[in-house]
Amino acid sequence: MKESFWTYLDSLIQSAELVIDRPKGSSHPRYLSVVYPVDYGYLKGTSSGDGNELDVWRGSLTEERLDAVVCTVDLLKRDVEVKLLLGCTENEKATICNFHNDSESMAAILLKRSVT
């Protein structure tokens, strides 16, 4: 994957405010049985394919470095999204990917940034 992809995302992240509106352990507002395993939010003032702001998972590492994205396909919403992973451990990355794959209508793939 071209490094410019990651560099452009880094620039977008640095120019926007991260808002965590669903802290780790909180429930989804409409689906109360869905509990977020890691902090989840968005980059204020951005936009993604679904018309909302760009989604972000923020892990427990102190350095909030972007080193992965999750690409999701949701058949119910009929959309595809990219979600940024900031400061996530390897275990958190796997948990996030599994979170999006734990559905009959959604699938996800994790794309990791190469270490340079």
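Number of residues in segment 102-116 that are surrounded by 12 or more Cβ atoms within 10 Å (Cβ to Cβ) and either under 18 Å from Leu43 (Cβ atoms) or of a type outside the set (S, T, N, Q) (or both): the value is 8.
Quick grid of which residues meet (1) assigned to a strand (DSSP E or B); (2) exposed (fewer than 12 other Cβ atoms within 10 Å of the Cβ); (3) modelled with pLDDT under 95:
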site: Leu32; (1), (2), (3): no, yes, yes
site: Val70; (1), (2), (3): yes, no, no
site: Leu76; (1), (2), (3): no, yes, yes
site: Val80; (1), (2), (3): yes, no, yes
site: Leu84; (1), (2), (3): yes, no, no
site: Lys93; (1), (2), (3): no, no, no
site: Ile96; (1), (2), (3): no, no, no
site: His100; (1), (2), (3): no, no, yes
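Glu63 fulfils the conditions (1) free of Cβ contacts under 8 Å to residues at least 40 places away in the same chain; (2) closer than 18 Å to Glu17 by Cα; (3) under 10 Å from the mean Cα position of the chain (by Cα) except for a single criterion, (3). Scanning segment 30-49 for residues being of a type outside the set (A, V, I, L, M, F, W, C) and under 21 Å from Leu12 (Cα atoms) gives a total of 10.
Scanning segment 34-44 for residues that are modelled with pLDDT of 95 or more and either assigned to a loop (DSSP other than H, G, I, E, B) or surrounded by fewer than 11 Cβ atoms within 10 Å (Cβ to Cβ) (or both) gives Tyr36, Pro37, Val38. Could you please find all residues in segment 102-116 being of a type outside the set (Asp, Glu) and assigned to a loop (DSSP other than H, G, I, E, B)? Those that are of a type outside the set (Asp, Glu) and assigned to a loop (DSSP other than H, G, I, E, B): Ser103, Ser105, Arg113, Ser114, Val115, Thr116.
Each row is one residue, and each column tells you yes or no for (1) within 19 Å of Cys88 (Cβ to Cβ); (2) out of contact with any helix residue (DSSP H, G or I) (no Cβ under 8 Å at 6 or more places or on another chain).
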| residue | (1), (2) |
| --- | --- |
| Trp6 | yes, yes |
| Leu12 | yes, yes |
| Glu17 | no, yes |
| Ser27 | no, yes |
| Gly49 | no, yes |
| Leu54 | yes, no |
| Asp67 | yes, yes |
| Val73 | no, yes |
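Residues that are over 21 Å from Val115 (Cβ atoms) and basic (Lys, Arg) within segment 6-65 comprise Arg22, Lys24, Arg30, Lys44, listed in sequence order.
The values are calculated or read from the model by the stated rules, or taken from the named source; none is laboratory data. A quick note: this is a predicted structure, and the numbers were derived from the prediction, not measured. Using ideal geometry, Cβ is built from the backbone for each residue, glycine included, and neighbour counts are taken over all protein chains shown.
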